[in-house]
Amino acid sequence: MLVSEGVAAAPPRESAFQRMMANGQLKMVLIFVPPAILIFTVFVILPMIQAGLFSPYKWSGYGPVPWALNEDTGRTFGRWIGTTNFERMMSHSAFKQSLVNTLLVIGVSIAIQLPLAMTLALMIYRSSRINTVFRLIFFLPYVMAEVATGLIFSFVLDGNYGLSRSFADLMGWEKAFFPLAEKPWAFYCILGVIVWKYFGFHMMIFIAGLQSISSEVLEAAKIDGAKTLQSVFLIKLPLLWPSITISVFYAVLGGLQVFDLVMPMTAGGPSNSSHTLVSYLYNFGFIRLNIGFGSAVGVFLFVVGVAFAFLYRNTVQRGQ
Amino acid sequence: MAEVILNNVQKRFGSVEVIPDLSLRIADGSFTVLVGPSGCGKSTLLRMIAGLEDVSGGQVTIGGEDVTGAEPDKRGIAMVFQSYALYPHMTVRQNIGFALRLAKRPKQEIKERVEEAAEILKLGPLLDRKPRQLSGGQRQRVAIGRAIVRNPKVFLFDEPLSNLDAALRTQMRVELAELHAKLGATMIYVTHDQVEAMTMADQIVIMKSGVIQQSGQPMDLYKRPGNPFVAGFIGSPKMNLLEGRVAKDREAIVFGVRPEHIKVSDEGGEWRGVVRHAEHLGSDTVVYVDAEKVGALTVRLTGEVPLRAGSPVWMTPESGNVHLFRADGSVERV
């Protein structure tokens, strides 16, 4: 076989690893990735695995793990009960109520909070000084700590000295009105606060989306004869679809996690009527020292959250 | 088709006066190009005709109808934007038919008119694609299709070719000129590119700081520029505008001669100089010369001329093609 001389052999191809070594990327990866993985593992992955392992036990939380042997009693700290925790949870009326309440939070977030945020975003998305002031005002509730917000509203809705008192006086009611202690009112008050607190966040997402729409596209629509509402429904909303799907995603996952507002306002009462899934978990798992039961609720929450995220990203958000 | 008349039109943004006082008549069926440097108010003027900017004072008339306060869609105009401004979520078909859909025209009519516009612009096979699946030139065609389908009295173009590459720009220039010939509609075209203005317009309006410097047919402006600004703006390479002694000797403030109107010789002439740089374009040679007494000059010679940096040359302005701009605003051509 003839081999032509004088033709330089092609240099050996660099592997991705060699390339990363050469351009310093590897050093960056080694410095920044391990701490992130460590923190994520310790605070997210391990607790999730633990919850899964604890959920089939009846365990008060004493001892290192439910299956460890207690040398004083000669038995394990916890007792294996299989799926009993899940069965108890499913048949518990307070759990059913908390599930309904959580669905209500999600429903209200999507049906009331997002349209409200969208309406306000459409009104104040253009750059002007007054719009900046309004944006700040509407966004302020989101910046406040949840517990502080809950406390403030527990004062506002107090029948002795809050706005609720003034309202009752105005209406000429003889009895004091404690909406947070009234079963028909308590959770709706929490829903109102959730809408008030988080609409600013969604409004900001929509404002960012609206500002990225080319002004020439809107002008073209104007020349084509689109009136204000037609421009909103036929141009702006379709172009905002990616922002809307992100907002719905956050609204649903946020709805599954509502806790800090419930505790200072009602602590789940009256008669466990205003629990959300997480406050139910906290009350019936940790407060009552049923770590196994709490873990079962946690596993349920995790499965629902992951299933939603997976389905949503593979259907609605596909291709975005 | 319609005549567009601007009567003492003014535009102020707060305390900034963009267009102090402007009057212009754009004849029915003409292709008028508004041209000028960035910030001269040409786009603002176009947007005022479109109704996208309020008029601070004066009157805008389209087809004999006062439209000064009318909404954009009530003016009988269509506009093509620099960025094409296509609706990204709609197909080409929906983009072109959007105005008809808003006007609640019957579906069959929309279909026919969209296909008719697509036929004119050779967009037939692309009708079901989204804008992101199109090239720059195809997008521009869709934008023009969206304008055609409305049967407007006046087409407005806001720098429609500036996002295209040079080859496509040349092609689209020809297509737009053909489209104008075919439709016979009034077209108003804004650009900062004087080549576009010269090649497409039958009326050029040159603006600077919101004021019309001169308007007229392209060759009129080329041959008889009314002031040094117009003289420098029209023509490529730009006219040599000389101040100082060469102008003073002829009782002018500026002595103007176009690069193609300077004769070059190696034996003798009016000005002596040394070639600083030469561009060999094949069909032409553009020579930059440092001339004694008059300073830097640009000379354009037909064909390939073997001049190199450092070559000594003699130059003489052609008689009859020298523009003397006087202090009183008059121009003499000698």
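Here segment A:48-173 yields Rg over Rh of 1.20, to two decimals, using C-alpha coordinates and the Kirkwood radius.
Could you compute how much accessible area chains A and B hide from each other, both sides summed, with a 1.4 Å probe? Nearest 100 Å² is fine.
Chains A and B together bury approximately 1700 Å².
Given a 1.4 Å probe and the protein chains as shown, B:Arg141 ends up with an accessible area of around 40 Å². Counting Lys and Arg as +1 and Asp and Glu as -1 over every other residue whose Cβ lies under 9 Å from the Cβ of B:Ala296, the net charge comes to 0.
Candidate membrane-span-like segments in chain A, meaning DSSP H helices with Cα atoms spread over at least 18 Å of their own axis and a Kyte-Doolittle mean of -1.0 or above, are A:25-40, A:93-108, A:129-143, A:183-211, A:241-256, A:291-314, with no membrane implied.
So how strong a dipole does the protein assembly as shown carry about its Cα centre when Lys and Arg Cβ are +1 and Asp and Glu Cβ are -1, to the nearest 20 debye? Please list the in-between numbers first.
Details: 63 positive and 54 negative charges, 345 e Å.
For the protein assembly as shown, the charge dipole is close to 1660 debye.
Taking every protein chain into account, the accessible area of the protein assembly as shown amounts to 52 square angstrom per residue (probe 1.4 Å).
With no solvent and one equal point scatterer per Cα, compute the Debye intensity ratio I(q)/I(0) for segment A:191-236 at 0.17, 0.19, 0.31 Å⁻¹ and report its log10, rounded to two decimals. Log-scaled intensity ratios, in q order: -0.60, -0.67, -1.04.
Taking the 1.4 Å solvent-accessible surface of the protein assembly as shown as the whole, the part contributed by carbon and sulfur is 59%.
Between the listed residues A:Ile37, B:Phe81, B:Ala327, the Cα displaced farthest toward the positive end of the dipole of the protein assembly as shown, a dipole computed from Cβ unit charges relative to the Cα centre, is found at A:Ile37.
Cross-link reach is defined here as a Cα-Cα straight distance under 14 Å, omitting same-chain residues fewer than 8 places apart; for B:Lys11 the aspartates and glutamates meeting it are B:Asp21, B:Glu53, B:Asp54. Residues of segment A:172-220 that lose at least 10 Å² of accessible area (1.4 Å probe, protein heavy atoms only) when the other protein chains are present, relative to their chain alone, are A:Glu216, A:Val217, A:Glu219, A:Ala220. Pairs exceeding a 19 Å alpha-carbon distance, out of A:Lys222/B:Lys104; A:Lys236/B:Lys74; B:Lys122/B:Lys182; B:Lys42/B:Lys182; A:Lys227/B:Lys111: A:Lys236/B:Lys74; B:Lys42/B:Lys182; A:Lys227/B:Lys111. Two tests apply to each whole DSSP H helix in chain B, Cα reach of 15 Å or more along its axis and mean Kyte-Doolittle hydropathy of at least -1.0, and the ones passing both are B:92-102, B:107-121, B:136-148, B:166-183.
Could you give me D for chain A, from Stokes-Einstein at 4 °C and 1.567 mPa s, where the hydrodynamic radius is the Kirkwood radius over C-alpha pairs? Units µm² s⁻¹, please. Don't skip to the end; give the middle numbers.
Details: Rh = 24.2 Å.
Using the Kirkwood radius from Cα pairs, D works out to 54 µm²/s.
For chain B, the equivalent ellipsoid derived from the Cα gyration tensor has semi-axes of 44, 25, 14 Å, listed largest first.
The share of Cα pairs per 10 Å bin across segment A:206-312, counted from zero up to the longest distance, runs 13, 28, 20, 16, 14, 7, 1 percent.
Buried on complex formation within segment A:224-238 (loss of at least 20 square angstrom of accessible surface versus the isolated chain, 1.4 Å probe, ligands and nucleic acids ignored): A:Asp224, A:Gly225, A:Lys227, A:Gln230, A:Leu234, A:Ile235, A:Pro238. Amide hydrogen proximity for B:Asp284: with H placed 1.01 Å from N in the peptide plane, the residues at 5 or more positions away or on another chain lying under 5 Å are B:Gly303.
Let me know the Kirkwood hydrodynamic radius for the protein assembly as shown, please, with Cα pairs as the basis and the value in Å to one decimal.
Over the protein assembly as shown, the inverse of the mean reciprocal pair distance is 32.4 Å.
The values are calculated or read from the model by the stated rules, or taken from the named source; none is laboratory data. Just so it is clear, the structure is predicted and the values come from calculations on it, not from any experiment. Don't worry about glycine lacking a Cβ; one is built from the backbone with ideal geometry, like all the others, and counts go over all protein chains shown. Quick note on the areas: whole protein, heavy atoms, side chains included, nothing else; ligands and nucleic acids left out. Shrake-Rupley method; radii C 1.70, N 1.55, O 1.52, S 1.80 Å.
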